[in-house]
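Chemist: To start, I am sharing the structure in question, which I have written as structure tokens.
Please treat every number below as a calculation from the coordinates, not as lab data. Owing to the predicted nature of the structure, the values given are computational and were not obtained by experimental measurement. Glycine also receives a Cβ, built like all others from the backbone with ideal geometry; neighbour counts cover every protein chain displayed.
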Amino acid sequence: MKHIPRKRFGQHFLVDRRVIADILAAVAVRPGEHIAEIGPGEGALTELLMAQTNQLHVIEIDRDLAAALRKRHPPERLVVHEADALEFDFSVLPAPLRLVGNLPYNISTPLLFHLLNYAERCSDLTFMLQKEVVERMVAAPSGPAYGRLSVMLQYRYDMEMLLEVPPESFRPPPRVDSAVVRLRPLPAAQLGARDTVMLGQVVTAAFTQRRKTLRNALGRFIDENALRAIGIDAGLRPENLSVADYVAISNALSP
């Protein structure tokens, strides 16, 4: 009996074998690597990943799907963590870790921010997401898709859209197009921010009022003269600044 997708979990199961094969080829598991899959669902990708690694970890919130996976596979080969990925402590998994997943679209942005806490433990992350979200992730400054998600993820990762996936590749089909993106954590030496909490606060404040100029959007953080001192025009809008510009602002505010 097929599992009935649950709306509250944002379940859309990937069923297109060509797309599954493309994702598997993109991940290209090598012997001895530590792999974890977020949201294995019915296991379409799971079993193929298992064939390429000694032990696979999966994080699955749906207890029925988790139970079905445990029933089909021995625990020494498949470790099932029945948990909400938004609350899961990824530091319990072996590192360096490669993460793979068809992420639920209704939690994708908060989940990406949660995973930032574990970037230093990861070799790479390969995810299926709503295409619009991927476009925001990789967007360049001054474009309409460029925003808080772009800046915070580009600060920490090198990112690349790998392939686009149509709605009919899923059961049930979502109402949006999807895309697969790869995120590779940047070396710590390239990051540059003295205080990532401050960086996050500055970026959030800026894009909360993205239609305003920097002198207004960031007025409670930094004045026009201080912006000028680091080479930034206070008359620009938040979307006009590069990641490096935001790092410069946060560093000016950090002791």
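Chemist: Would you mind computing, in nm to one decimal, how far apart the modelled labels at Asp158 and Ser91 are, each placed 7 Å from Cα along Cα→Cβ?
Modeler: Going from the Asp158 label point to the Ser91 one covers 2.7 nm.
Chemist: Then there's this: Let's see if you can work this out: charge +1 on each Lys and Arg Cβ, -1 on each Asp and Glu Cβ, no other charges. What is the dipole magnitude of the range 85-178 about its Cα centre, in debye to the nearest 20?
Modeler: 140 debye
Chemist: Using C-alpha positions alone, give me the convex hull volume of the range 177-223 per residue in cubic angstrom.
Modeler: Here the figure is 123 Å³ per residue.
Chemist: Pick from Asn106, Asn240, Asn225: which residue has the top mean-square fluctuation in a GNM of the chain where Cα pairs under 10 Å get a spring?
Modeler: With Cα springs under 10 Å in the chain, the top fluctuation among Asn106, Asn240, Asn225 is at Asn225.
Chemist: Compare the Cα positions of Gly43, Ala28, Asn54 along the charge dipole of the chain (+1 at Cβ of Lys, Arg; -1 at Cβ of Asp, Glu; about the Cα centre) and return the one farthest towards the positive end.
Modeler: Gly43
Chemist: Further question on the same structure: Which value in Å does the Kirkwood hydrodynamic radius of the range 123-236 take, with 1/r averaged over all unlike C-alpha pairs and then inverted?
Modeler: Values: mean 1/r = 0.0624 Å⁻¹.
Every distinct Cα pair counted, the radius reaches 16.0 Å.
Chemist: While we're here: On full extension of the chain, what length is gained from Glu120 through Ser242, given 0.36 nm per residue of separation minus the C-alpha to C-alpha distance?
Modeler: Value of the extension gain: 41.6 nm.
Chemist: In Å, what Rg and Dmax follow from the Cα atoms of the range 128-171?
Modeler: 11.6, 36
Chemist: Tell me the label-point distance for the pair Arg211, Glu82, using the 7 Å Cα-to-Cβ offset, in nm and rounded to one decimal.
Modeler: Result: 4.8 nm between the two label points.
Chemist: Moving on. Dipole magnitude of the chain about its Cα centre, charges +1 at Lys/Arg Cβ and -1 at Asp/Glu Cβ only, in debye to the nearest 20?
Modeler: On the way: 30 positive and 29 negative charges, 87 e Å.
It comes to approximately 420 debye.
Chemist: Then there is this: Set the Förster radius R0 to 22 Å, insert the Cβ-Cβ distance between Ala25 and Arg184 as r into 1/(1 + (r/R0)^6), and round the FRET efficiency to 0.05. The partial results should precede the final answer.
Modeler: On the way: r = 17 Å, r/R0 = 0.77.
Between Ala25 and Arg184 the formula returns 0.80.
Chemist: So what's the angle, to the nearest 10 degrees on a 0 to 90 scale, between helix 196-208 and the longest Cα principal axis of the chain?
Modeler: The angle comes out at about 80 degrees.
Chemist: Say each of Arg17 and Asn54 gets a label point 7 Å from the Cα, pointing the same way as Cα to Cβ; how far apart are those two points in nm?
Modeler: The answer from the label model is 3.1 nm.
Chemist: Each residue of the range 61-69 in turn: what ³J(HN,Hα) in whole Hz from Karplus with 6.51, -1.76, 1.60 and θ = phi - 60°, glycine and Pro shown as x?
Modeler: So the Karplus estimates, Gly and Pro as x, are 7, 7, 5, 5, 5, 4, 5, 5, 5 Hz.
Chemist: In whole Hz, what ³J(HN,Hα) sequence does the range 130-141 give by Karplus (6.51, -1.76, 1.60; θ = phi - 60°), x for Gly and Pro?
Modeler: Per residue, the Karplus-derived 3J(HN,Hα) values read 4, 4, 4, 5, 4, 4, 5, 4, 9, 5, 8, x Hz.
Chemist: Oh, and also: What list of ³J(HN,Hα) couplings, whole Hz, do you get for the range 13-22 from phi and the Karplus terms 6.51, -1.76, 1.60, once you set θ to phi - 60° and write x for glycine and proline?
Modeler: For the range 13-22, the Karplus curve yields 8, 6, 10, 7, 5, 5, 5, 4, 5, 5 Hz.
Chemist: Also, quick follow-up: Give the whole-number value, in cubic angstrom per residue, of the convex hull volume spanned by the C-alpha atoms of the range 79-131. Write out the running numbers ahead of the final one.
Modeler: Values: hull volume 4.5 nm³, N = 53.
Value for the range 79-131: 86 Å³ per residue.
Chemist: Roughly what percent of Cα-Cα pairs across the range 196-253 reach past 16 Å?
Modeler: 28 percent
Chemist: Would you kindly calculate the mean projected area, averaged across all directions, of the convex hull enclosing the Cα atoms of the range 7-189, in square nanometres?
Modeler: Seen from a random direction, the Cα hull of the range 7-189 projects 10.2 nm² on average.
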